[in-house]
1. Is it true that B:Ala9 is within 8 Å of another protein chain (Cβ to nearest Cβ) and either at pLDDT below 85 or within 24 Å of A:Gly389 (Cα to Cα) (or both)?
2. Out of segment A:154-172, which residues are part of a strand (DSSP E or B), under 13 Å from the mean Cα position of the chain (by Cα) and crowded, with 24+ Cβ neighbours inside 10 Å?
3. Can you spot a residue in segment B:154-167 that is without any contact (Cβ under 8 Å) to a residue 40 or more places away in the chain and within 14 Å of A:Glu21 (Cα to Cα)?
4. What's the total number of residues in segment B:152-170 that are assigned to a helix (DSSP H, G or I) and either surrounded by fewer than 20 Cβ atoms within 10 Å (Cβ to Cβ) or touching a strand residue (DSSP E or B) at 6+ places or on another chain (Cβ under 7 Å) (or both)?
5. Please verify whether A:Ala154 is closer than 21 Å to A:Val94 by Cα, of a type in the set (A, V, I, L, M), modelled with pLDDT of 80 or more and out of contact with any helix residue (DSSP H, G or I) (no Cβ under 8 Å at 6 or more places or on another chain), treating the condition exactly as stated.
6. Determine, yes or no, whether A:Val204 is touching a Gly at 6+ places or on another chain (Cβ under 8 Å), more than 22 Å from A:Val94 (Cα to Cα) and part of a strand (DSSP E or B).
7. Looking only at segment B:69-79, decide whether some residue is closer than 20 Å to B:Arg136 by Cα and at pLDDT below 90.
8. Any idea which of (1) touching a residue at least 60 places away in the same chain (Cβ under 8 Å); (2) more than 9 Å from every other protein chain (Cβ to nearest Cβ); (3) closer than 26 Å to B:Asp119 by Cβ is the one B:Leu184 doesn't satisfy?
Amino acid sequence: MTPRPPGDDPQDAPALAALSELARDAVQPHTAGELDQGLDAVVGRLAAVRVRRRALRRWAMVGATAAACGAAALIVKVRSGAREGVPGREPSVVVSRIEGGTLLEGGYLSQSGAAGVKVVFNEGTTFQLMPGTRGKLRAVERDGAHFAVEHGTASFGVTPSRDHQWLVEAGPFLVTVKGTVFTVSWDSSAERFELGLRQGHVLVTGPVVNGGIALRAGQHLVVSLPRAETVITEDKPAGGSGAAAPEPAAPPRNPPVPATSVASSTVAAPPSGAGPGARPRRWAAALASGRWDRILADVDRAGVDATLESAGSDELFVLADAARYRRRPDLARAALLAHRRRFPHGPRALDAVFLLGRVEELREHGSAGDARAQAIVWYDEYLARAPAGPYAAEALGRKMILTNELGGPARARPIAREYLVRFPTGSYAGAARALERVP
Amino acid sequence: MAGPRAGDAELARGLMAGESWAIAETWHRFAPMVLMTAERALGSRAEAEDAVQEVFCAVFRKARTLRDPESLRSFVYSFAVRVLKSELRRRRVRGWFPFLQPVTPPDLAHRAPDFESRDLLAKLYALLDRLTPRDRMVFVLRRMESMTVDEIATTMGLSLSTVKRSMAHASGRLSRWVQADPGLAGLVRGDQGGRRR
C-alpha cells in the first residue's frame, strides 16, 4: 500500500497517533509454517464445501418420488440401527472429566501432577498428554473435538462412530480420525512429526505428505520437515491379536527383490490376475488405504523389470511413492527413471525429475557415494526446465541445504539469496536467512 | 504452468480456471498482508486466522466472478473487509447479549513488548470496540495500514466523501476518549519517552 499523504484527513490527538503506531508494530508476520498450515486449512474447507455442494446437487436432481423413497429408507435405517443397539443419532460430544490437570482459558491443558493430563469425553474417547506435553483443546463440538499438540507426545483412544469426527493437529500436520487408537508426537524444535497407529485408520495431511497419507493399524509414520523425508514402517503383527494387527500383504510368489539389486532383477512372468489391466484399480485402492506393501508385493510377484516396462505413468508414480515410504529408494529411483525414459514428454515428466532428487537424498543413508551431489543435479535440471514449476521452491530450498552440507555456507549463500528473492515466505526462508547471517 | 513469477492478472486467470497452483500462489502472495490487517482490525491473532480462512475460501469460490484480472489484489481485500466488518458486527451483537458466547478479549495486547504497552493496547482496543464496524475499519485501514483514502474507498466500496466523513468521525471520537482518560494520555506521554526506538 502507498504511504499516507499528509493533510487529507483529520489530525489525531498525539496520544491516539502513538497508540495506532503501537498497534501497528505489535503485529508480527506469520511464519512460513503457520502460512502453510493456514493454506492446508483453507484447502480442507474448500474440499468440504465441494463435497457438500456435490451432495446438494445430487439431491436437487432427485425428484419428489425419490425424496420420499429416501425419507422412507432413512426411517427404516434409523429403526434398524436402533434395533441393533446403534443409535441413529449420536449424542453430543462433551468433556466429562479431566484427570491430572485443568483446562485453562484458551483451551490449554495445565498439568498438575507428574503423570500427564487425561481428557475423557462422555462417549468414551480419551486424550492422554504425556508429561511435559503442551496441548490445546481448540474446540469441542456436537460431532467431535479438535485438539492441537504444540509440542510433545499425546495418545488418543477414539471411540468409533459414524457421526463423529475428531481432528488432531500436531505442528503443521492434521490428523483426521474416526475410530482409532494412536499416538502423535510433534517436536517443534526438530520439526519432526511421528504417528503410531494401533487400531483403525487415520488420514494425515500436511507439508511433505502431498495430498494426505492414509494409515492403517500397525503403521508408523515419521516425517522430518528439515529433511523433507516421509517414512512409513510397519509393526510386526502380534500373534493374531485381534483388530489391532495389520492385515498382512499377500506373500510374494517370488522372493522379494533386494532393493540394491533392482536394476538387475530378473523378469518373472506375471501371474494370472496380476496383469496390467487389473493393476491400476488394485493399486489405486491400495494407495488409498495405505497398503504400500500390497503394491510392492505385486511388483515382486510380477518382476520389477516387467512392471517398469508395462506400468502406466500414474502407476509408476504410485510405485515410486510406495517404495519411498517403505524405504526402498532404489526401487523408487528405478520407477522414476523408467517414467523418465518412457514418458519423456508426459504431463508428469518434470515431477519425476524433482522426485528423483528427493529419492537420491534418501539413498544417502543406505548407500556409499555422494548421492547428495546427484540430487543437486536433478534439482538443477528441474529448475532449468520448470523455473516456475510447482516444486521450484522445494527444489531450490533442497539445493541450498545440500550445497551447504557439501560445500559450506560460502557456496550456499548465493542460492539462499536467490531463494529469498523468489520465495520470501517459502518453507526454506528461515534457513536461507540463517545462511545469510553465517559469517 | 505459472507460479511465483506470475503477475496478478495471470494469477487471477489461473484462479478463474480452477488451477491448483494458483490457489497456493494466491494464498502465499496475499495471505501475509491480509492476516496482519485482520489481526490489527480484530486485535486477536486467533480470530484473524479464522477470518482469513473465511476470506480466502470466499475468494477461491467466487474467483470466476472477478471481472478484471488486473484487480485481483482489490478483489481479495474487498472480501477481507467484508468478512472483517461482518465479524465486528457479530461481536457487537454478542456484546449486547451477555448470555451469548463471550466476546474474545484482544490477544494482540499480549504481543506488545512490555507491560505498559500491553495496557495501552488493551485500552485502545476497548475504545475501538465502541466504534461502528465501518468507522473502525476505516480507521484501521487509514492509521494502521497506511492506505490512502482512495484505496479505502475502492476496497470498502464507499464514496470518497463517506470515507472522509467516517475517518473524521472515528478520529474525533477516539481522540476525545483518549484525552478524557488521564491515565491513558499519561501513559502515552510516558511511553513516548520510554518506548520509542
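The values are calculated or read from the model by the stated rules, or taken from the named source; none is laboratory data. Because the structure is predicted, anything quoted here is derived from the model rather than measured. Please note: Cβ atoms are built from the backbone with ideal geometry, for glycine as well, and neighbour counts cover all protein chains shown.
1. No; evaluated as a whole, the condition is false for this residue.
2. Within segment A:154-172, A:Val168, A:Ala170 meet the criteria.
3. Taking every residue of segment B:154-167 in turn, none turns out to be without any contact (Cβ under 8 Å) to a residue 40 or more places away in the chain and within 14 Å of A:Glu21 (Cα to Cα).
4. Of the residues in segment B:152-170, 9 are assigned to a helix (DSSP H, G or I) and either surrounded by fewer than 20 Cβ atoms within 10 Å (Cβ to Cβ) or touching a strand residue (DSSP E or B) at 6+ places or on another chain (Cβ under 7 Å) (or both).
5. Answer is yes for this residue.
6. yes
7. Looking through segment B:69-79, at least one residue is closer than 20 Å to B:Arg136 by Cα and at pLDDT below 90.
8. Here B:Leu184 meets the rest and fails (2).
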